[in-house]
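S.K.: Before we start, here is the structure in question, set down as structure tokens.
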Amino acid sequence: MEQHEEILKAVEGLFSYEEMGLRRFEKTTYAPSFEKFQEIAKEFGELLASFYEQCVDEKGTEAEQEEAKEEFCQSIALLFVEVIRDRQEESDSKMQREERQRDHNMFMATYVFPYIMEMRNPYYKQLAAAIEKSWSAAFKNSKIKAASFETVMGGFQRKFLGFSL
């Protein structure tokens, strides 16, 4: 249970960069901003690896390992939902809650998912899929998809004399 609390704090730590990250989400500032986020997320990545080793017994059968990996990914995905639910305030208007949720979705898509996709560990794709599924189930109208840093960077349009190339 103690490790659960540590990972929960690390997930909260990821969201400490949310406001700054979203302000720096522009073509010229996204790459350095993502590098800064990677530094902040390093503790999360280390805790995740440690927790994974404890949860997934490499000596078990392949089916047992796969089931443990699935449970691990689901438990981490639920932590992301828990952190955002804890941040929601009942006193906010519906419009404020929706705006805040759009910001959370944007941060997940532009910083958290690209970080997870960069991990390239045995479970990164499964973790991303579990977060996508848990997130859309927990938050109405919030279907987010995992993308790599390169994909996000590729989404910025190149312009010449004001025209998209």
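S.K.: Quick test of your reading of the structure: Val81 fulfils all but one of (1) touching a residue at least 60 places away in the same chain (Cβ under 8 Å); (2) within 21 Å of Glu46 (Cα to Cα); (3) surrounded by fewer than 17 Cβ atoms within 10 Å (Cβ to Cβ). Name the failing condition by number.
M.R.: Failing condition for Val81: (1).
S.K.: Are any of the residues in segment 53-65 surrounded by 14 or more Cβ atoms within 10 Å (Cβ to Cβ), β-branched (Val, Ile, Thr) and touching a helix residue (DSSP H, G or I) at 6+ places or on another chain (Cβ under 6 Å)? Walk me through how you get there before you give the answer.
M.R.: The initial filter retains those residues of segment 53-65 that are surrounded by 14 or more Cβ atoms within 10 Å (Cβ to Cβ), namely 55-56, 65.
Going one step further and asking which of them are β-branched (Val, Ile, Thr), we end up with 56.
Next, only the ones that are touching a helix residue (DSSP H, G or I) at 6+ places or on another chain (Cβ under 6 Å) stay: 56.
Yes: segment 53-65 contains one or more residues that are surrounded by 14 or more Cβ atoms within 10 Å (Cβ to Cβ), β-branched (Val, Ile, Thr) and touching a helix residue (DSSP H, G or I) at 6+ places or on another chain (Cβ under 6 Å).
S.K.: Any idea which residue in segment 84-103 is surrounded by the most Cβ atoms within 10 Å (Cβ to Cβ), counting only those that are touching a residue at least 40 places away in the same chain (Cβ under 8 Å) and under 20 Å from Met20 (Cβ atoms)?
M.R.: Ile84
S.K.: Quickly run through segment 104-138 and pick out the residues that are over 26 Å from Cys55 (Cα atoms) and either surrounded by fewer than 14 Cβ atoms within 10 Å (Cβ to Cβ) or in contact with a Lys or Arg (Cβ under 9 Å, 6 or more places away or on another chain) (or both).
M.R.: His104, Asn105, Ala109
S.K.: Looking at (1) touching a helix residue (DSSP H, G or I) at 6+ places or on another chain (Cβ under 9 Å); (2) under 15 Å from Thr110 (Cα atoms), can you tell me which one Glu35 breaks?
M.R.: It is condition (1) that Glu35 fails.
S.K.: Right, another one. Out of the residues in segment 1-42 that are in contact with a Leu (Cβ under 6 Å, 6 or more places away or on another chain) and among the β-branched types (Val, Ile, Thr), state the one that is nearest to Gln101 (Cα to Cα).
M.R.: Among residues in segment 1-42 that are in contact with a Leu (Cβ under 6 Å, 6 or more places away or on another chain) and among the β-branched types (Val, Ile, Thr), the one nearest to Gln101 (Cα to Cα) is Val11.
S.K.: Something else: Of Ala49, Ala63, Ala68, which residue is within 18 Å of the chain's Cα centre (by Cα) and within 24 Å of Lys133 (Cβ to Cβ)? Show your work before the answer.
M.R.: Numbers: Ala63 fails: within 18 Å of the chain's Cα centre (by Cα); Ala68 fails: within 18 Å of the chain's Cα centre (by Cα).
On inspection, the qualifying residue turns out to be Ala49.
S.K.: Please work out which residue is surrounded by the most Cβ atoms within 10 Å (Cβ to Cβ), limiting yourself to segment 17-49 and to residues that are closer than 17 Å to Phe156 by Cα and small (Gly, Ala, Ser).
M.R.: Pass one, segment 17-49, residues closer than 17 Å to Phe156 by Cα: 21-34.
Filter once more, keeping what is small (Gly, Ala, Ser): 21, 31, 33.
Numbers: Gly21: 24, Ala31: 12, Ser33: 20.
My answer is Gly21.
Read-outs throughout are calculated quantities, based only on the coordinates presented, and are distinct from any laboratory measurement. Owing to the predicted nature of the structure, the values given are computational and were not obtained by experimental measurement. Reconstructed Cβ throughout: ideal geometry from the backbone, glycine too, with neighbour counts over all protein chains shown.
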